[in-house]
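Each remark here refers to the structure printed beneath this line.
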Amino acid sequence: MMTVKRKPKKQGLSNSYSVVKYNVMAEKMSSSDHAPPTYLKLLTGTLVNVNVTLDETFVAIKIVNLEKQYHVSEEDIWKCPRDALIHVDKSVWPILSAVPSPIDRVVLLRDSVLLEELAAIKVGSVVNILKDGYVNEYLPAVVKYKGPISKKGPGVYFGVEILEGVHEGDNDGCYGNQRFFSSPPGTGMFVSVERLLPANYSMRQNFNDSVQQSKLVASMQKQFYPVNSSISENYPMQNMAVGAITQIEQDLTNGFRTLFRKLNKKAICECEKSELKIGDRIIWMYDNEPISGIVRCIGYSESNQLKVSIQLDEPVHTDYVGGRESRTITVPALELVKASDFYGDEGESKVNGEVTWSSGATSTRDINTKYNQATQDFITLNTPPSSYDDGASSGSEGSGYYDTPDSSSAESFCVGSLVEVPINGEPNYGVIRWIGTVPGDKRSRRVAGIEMEKEQPGFGDGSFSGRRYFHCNPERSLFISLNQCKRDSRFQDSPFKRIPRKSEDFGCIESPIIPGVIPPVSRGDITSICGKNRGIQGHHNSCYLDATLFSMFTFTSVFDSLLYRPALCTDIPHYQLIQRVLRDEIVNPLRTNFYVRADRVMKLRTLMKEELKDVSFTTEEKDPEEFLTSLVAKILRAEPFLKLSSGQEAYHYQLFVEKDEALIFPTVQQLFEQSFLSSDLKLKEVPSCLIIQMPRFGKSFKMYPRILPSQLLDVTDVIEDSPRQCTVCGNLADFECKECFEQCDVGLQSISFCRACLERSHNHERRRNHKYKPLSVPLEFTIIKDHCLIPRLYMQLFAVVCIETSHYVTFVKCGTGADAPWCFFDSMADRKGEQNGYNIPEMVACPELPYWLSEKGAMDLQSKDERRLPEYAKRLLCDAYMCMYQSTEVMMYR
């Protein structure tokens, strides 16, 4: 192959910046005619400097290595196709280079009009900023600084003051001990441009098209990504298409701004239904105090939220106007109650121009009636919940179980009780999510916040009178007097009655509910988090569940989609409740405090028992795969992890192999390849996670006395349509011959051949009658096959669940990468007390485990008698029941 010289004939100097819009191969331009060609895969979103236009097809570029993802010099010159680049104007280059996600850069560049408007943002501009942890909720803000922040990274950043909501920001205008502007504490934030939208920007359809195109690019990346790729960062694609943004009108002469929308017919019709009109006197509950005012304007926000602009009788300091004093504010309609309804028949009156109120008590029923009639504030389904307002009420979202169905008095209800509420003479069913008193009710009656099974117009989203008590889908929450609730009659005949143990019966360690989004534990040194009372506390045959949950969620995010998928109309009625218990009461406390009390897990088991009508979930021992099928497939209804060439789908893979007497100490890799070969199966795509069940039957019979878990599982040869190497010459394989298994090489690598090597090797008399079949190779790869190495696809081991004498434990990798430490977890390692005592879970650091899994360590252990093996090595190798693997590359896109 001819080598491209470094100094070509110049056809035009560009000296401009561009971004790679899809994965493309680039060839290094060398000054030597005899140097071997060097190729580099440029990934989507890479920033480059175009130096020279070589011809109509190719340009010479330099890589702007912002993420340090390429181990090359920025002075190297590469030959790249022109069509793979998107030109970046000099005016937007500074703000674009600060965007951390390569995919986001491409999305922005595809919407040139939006990018131009973003580049025009200056100090004093009013913008909308994406909330932390959300993909489609924005807050109004004003730009206070625009420029470089050396400690944050290259490029231009924006310092903004958030105008609505306290503590939505994370600073007061300082970053890295350097002040860039001044704002109230908790209202400042420094962001790159992809987090912003102009205040008056209305989205266009072609922006959605751009997002789809970028997702198409990403889908190519996820399918054949080698594990040794130089990308080290997880760049999640942020969906910036969030619908039209609320228009902000500022009243600078009075020193405060109002947020009210243009009147439209829809808003007027809805307000007529709720009997709220312009000029009405209303009550706004603020800090447990009724504040009176007059309705001045009504309209809808683009998120379909009914907003009301009110003029208050007295100025107040409120977060709605940035903590400043104001008499004009805009609030959601559901936070308002007509004065006549709030104060009863006597209402309010004016004496000498002053507003006075009667002494009538607040009617909870009246308030609830008005609340149910008003249009509710919609919470986007795919956003994780924010922290609960601990000071919002005297109630709480508790950790109790369902009560025994032998009493219907209000005192017997608790959070989690299944109840029946009559509405218009018809029974409606739901589950109690909150119990307490509401502000303003002078009789302090106990109110139940119920998440209903079915949506109904007028129901809420877990908020009442402007305060959030729990989270649920829109039109699903109902607040009603606890005395009006009765037991769900559908379960009255259930024979399963259980009086739960109190939390004190499981020890004195707190296990609080922790809502929100908590990332997995990431620590280089795990000794500080190991020891007694760490992990999930076991109780009543729960070890199968404890070990499985600990493996799935403590140190990895590969299963996190189970925690945040929004509810669909096809989901079970209590989908959100079970998902929330799993996330907020088990996973989040485990990741935050490294401890989950047994009653939290029992709550999940109880819900599963009720949902699946299987009492054994709270009493009997089960297998991990049975728990996975019940929770992941039947309740959470997640998409199957594995898609097989046979058309079947599965959540885990059971190894079916015939015992090979020559194998004394097999690896998971060997058994995995044998199983796929004998079953004549392939995987349609690289899964994000792969759960493999070892070849053993029951709790005692094991096909092999020891099995070595492979740290890296090579799945290249079991992926349908994946490029594969010829076992003879190493070039791209075109055929597969299963009868040649392990004749020329080891494993499934031995059965793939290019055409020339197939014909040559099958001329031998022993192989002339072999039946082989052609392989399907992606067209994209055949184009570049001569310019790059054929990638191997690997998955990393992150957990090994083991069983001995009916007790499950697990070994878990505490992070990613070859150097990540390992720990051993046992939910019932110790016990305090006898029959009425409780178990003590324990985490133990296992620094020797990587050595045991290495080739040298395996040889050392193989020569030892089982009785002489180290305790944890024996458990790992002799008792392995299930191995869990993950692909960190595919995880980025799922």
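The values are calculated or read from the model by the stated rules, or taken from the named source; none is laboratory data. Being a predicted model, the structure only gives us computed values, none of them experimental. Backbone-built Cβ (ideal geometry, glycine too); neighbour counts: all protein chains shown. Side chains are part of the model used for accessible areas, which takes the heavy atoms of the whole protein and leaves out ligands, DNA and RNA. Shrake-Rupley method; radii C 1.70, N 1.55, O 1.52, S 1.80 Å.
Applying the condition of being touching a residue at least 12 places away in the same chain (Cβ under 8 Å) and part of a loop (DSSP other than H, G, I, E, B) to the stretch 569-605 and asking which residue is surrounded by the most Cβ atoms within 10 Å (Cβ to Cβ) yields 597. Set side by side, the residues 647, 698 differ, and just one is open to solvent by 30 Å² or more (accessible area, probe 1.4 Å), closer than 30 Å to residue 838 by Cβ and either of a type in the set (Gly, Ala, Ser) or modelled with pLDDT of 90 or more (or both), which is 698.
Taken together, 550, 555, 559 contain a single residue that is in contact (Cβ under 8 Å) with a residue 24 or more places away in the chain, open to solvent by less than 10 Å² (accessible area, probe 1.4 Å) and in a loop (DSSP other than H, G, I, E, B), which is 559. The set of residues from the stretch 872-894 being modelled with pLDDT of 90 or more, assigned to a helix (DSSP H, G or I) and not hydrophobic (A, V, I, L, M, F, W, C) comprises 872, 874, 875.
Select from the stretch 737-772 the residues that are outside any helix (DSSP H, G or I) and touching a Cys at 6+ places or on another chain (Cβ under 8 Å) and write down the one among them that is most open to solvent (accessible area, probe 1.4 Å). Ranking the qualifying residues of the stretch 737-772, first place goes to 771. Scanning the stretch 663-695 for residues that are out of contact with any strand residue (DSSP E or B) (no Cβ under 6 Å at 6 or more places or on another chain), of a type in the set (A, V, I, L, M) and open to solvent by 20 Å² or more (accessible area, probe 1.4 Å) yields a total of 3.
Looking across the stretch 719-735, just one residue is surrounded by 21 or more Cβ atoms within 10 Å (Cβ to Cβ) and not in a loop (DSSP other than H, G, I, E, B), and that is 725.
Residues in the stretch 449-486 that are in a loop (DSSP other than H, G, I, E, B), more than 14 Å from residue 429 (Cβ to Cβ) and charged (D, E, K, R): 461, 475. If you check residue 812 against the conditions, is it farther than 19 Å from residue 674 by Cα and either in a strand (DSSP E or B) or in contact with a helix residue (DSSP H, G or I) (Cβ under 8 Å, 6 or more places away or on another chain) (or both)? For residue 812, the condition - farther than 19 Å from residue 674 by Cα and either in a strand (DSSP E or B) or in contact with a helix residue (DSSP H, G or I) (Cβ under 8 Å, 6 or more places away or on another chain) (or both) - is met.
For the subset of the stretch 844-867 comprising residues that are of a type in the set (Gly, Ala, Ser) and either touching a Cys at 6+ places or on another chain (Cβ under 9 Å) or part of a helix (DSSP H, G or I) (or both), which member is surrounded by the most Cβ atoms within 10 Å (Cβ to Cβ)? Per the stated criteria, the residue is 845. Kindly check whether there is at least one residue in the stretch 773-783 that is buried (at least 20 other Cβ atoms within 10 Å of the Cβ), within 39 Å of the chain's Cα centre (by Cα) and not hydrophobic (A, V, I, L, M, F, W, C). No, the conditions are met nowhere in the stretch 773-783.
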